[in-house]
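Below is one structure, written out as structure tokens; the observations come after it.
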Amino acid sequence: EQVLVKSDGSTVGATQLITSEVEELLRSPGARWPSSVYLGGNQLIVEAVGNQGTIIIFGAGHIAQALAPLARKVGFRTVVIDDRQELANRDYFDTVDDIILLESFRNSFQNLEIDSNSYMIIATRAHQYDREVLAQALKTGAGYIGMIGSKTKRDTIFEDLLTAGYC
């Protein structure tokens, strides 16, 4: 028997689940990752449909302008962060969930809640800003951290971070 349990608790398909069991399923570890759950004497395989994570894009340039609408379209909550008011605005990002205008990339994570469902893309306009954001990102519990750049840029930033004590 298959049943779809929507995020609001309603169900689609033949089911004998009662409201309290649906609520328990939504709170279970299987509500986010595929897993086996025992409920009412039955073994259920629970797998989330869709994605409930957040993509945080550092840099509001051409990469973010192409990536943000795509991420939003496939179900991610989408946040764009930059220090340039002329780019970090609704004229460029009318479909994202949030736009954060920073004073400086030195405090990129000041008001962000980062967890294992956070996916970071670092694509600022300069190597020093990418390095600054990456150094801060490595101290978080993000599920994914990616940085866009050439091999030379990557190697330079990684070597710099290793020298600074990041492992």
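The values are calculated or read from the model by the stated rules, or taken from the named source; none is laboratory data. Since this is a predicted model, take the numbers as computed values, not measurements. As a convention, Cβ positions derive from the backbone with ideal geometry for all residues, glycine included, and neighbour counts pool all protein chains shown. These accessible areas exclude ligands, DNA and RNA; they are computed on the full protein's heavy atoms, side chains included. Shrake-Rupley method; radii C 1.70, N 1.55, O 1.52, S 1.80 Å.
Quick notes on this structure:
- Note that the range 97-167 presents 62 Å² accessible area per residue, ligands and nucleic acids not counted, probe 1.4 Å.
- Residue-span extension gain [Asn107 to Ser36] - 0.36 nm each, minus C-alpha spacing: 21.5 nm
- A simple spin-label model places pseudo-atoms 7 Å from Cα toward Cβ; at Gln85 and Lys151 they are separated by 4.2 nm.
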